[in-house]
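Trainee: Following this message is one structure expressed as structure tokens.
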Amino acid sequence: MEEKKTCPACGGALEYDSRCPLGSRELDLYLCPDCGRAELYEPEEERIRRRNEERETQDFFQSLRARLAAGEITAELFPCPTCGFPRRDRVCPVCGSVMDLGTMEELCPGDPEKM
Ligand SMILES: [Zn+2]
Ligand SMILES: [Zn+2]
């Protein structure tokens, strides 16, 4: 959705002019037909992409915190008792060993064959 852009000088409506390469990025140039003011904006799609990225990062940390609170993962990495892989999950992603993260006891040894 294209937002209306207002000229900061005269309050008129800015009109899209062109996309300008500026260093390593591209910006949209808007011109005010009334007073000739030029304004640069980050392209809409770039803004959406950046917002989605921020949201994904937030979601990632949120789910990490939730799993931490639920006792599914530990805050610190620990070496897997079966395979030695540094893990923080209840279930080792390498050998499948299952740990009680409360007592740090191995409930079910992993399968070294899977390594
Ligand atoms: Zn203007
Ligand atoms: Zn393991």
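Trainee: Considering only residues that are surrounded by 12 or more Cβ atoms within 10 Å (Cβ to Cβ) and closer than 13 Å to Glu72 by Cα, which ones fall in segment 99-111?
Mentor: Met99, Asp100, Leu101
Trainee: Any chance segment 51-58 includes a residue that's more than 29 Å from Arg19 (Cα to Cα) and either in a helix (DSSP H, G or I) or of a type outside the set (A, V, I, L, M) (or both)?
Mentor: Scanning segment 51-58 turns up at least one residue that is more than 29 Å from Arg19 (Cα to Cα) and either in a helix (DSSP H, G or I) or of a type outside the set (A, V, I, L, M) (or both).
Trainee: Within 29 Å of the chain's Cα centre (by Cα), at pLDDT 95 or above, of a type in the set (Val, Ile, Thr) and not in a loop (DSSP other than H, G, I, E, B): is that true of Thr74 in this structure?
Mentor: So Thr74 does not fit the description; no.
Okay, residues lined up against (1) charged (D, E, K, R); (2) under 28 Å from the mean Cα position of the chain (by Cα):
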position: Pro93; (1), (2): no, yes
position: Val98; (1), (2): no, no
position: Leu101; (1), (2): no, yes
position: Glu113; (1), (2): yes, no
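Trainee: Can you run down the residue pairs with Cβ atoms below 9 Å, 6 or more apart or on separate chains, where the first is in segment 39-68 and surrounded by 12 or more Cβ atoms within 10 Å (Cβ to Cβ) and the partner is assigned to a helix (DSSP H, G or I)?
Mentor: From residues that are surrounded by 12 or more Cβ atoms within 10 Å (Cβ to Cβ), the pairs are Tyr41/Arg47; Glu42/Arg50.
Trainee: State whether one or more residues within segment 78-87 are of a type in the set (Lys, Arg) and within 17 Å of Leu64 (Cα to Cα).
Mentor: yes
Trainee: Another question, then. Please work out which one of (1) outside any strand (DSSP E or B); (2) surrounded by fewer than 11 Cβ atoms within 10 Å (Cβ to Cβ) is the condition Gly96 fails and give its number.
Mentor: (2)
The values are calculated or read from the model by the stated rules, or taken from the named source; none is laboratory data. Note that the structure is predicted; figures quoted are calculated from it, not measured. Note that each Cβ is placed from the backbone with ideal geometry, even for glycine, and that neighbours are counted across all protein chains shown.
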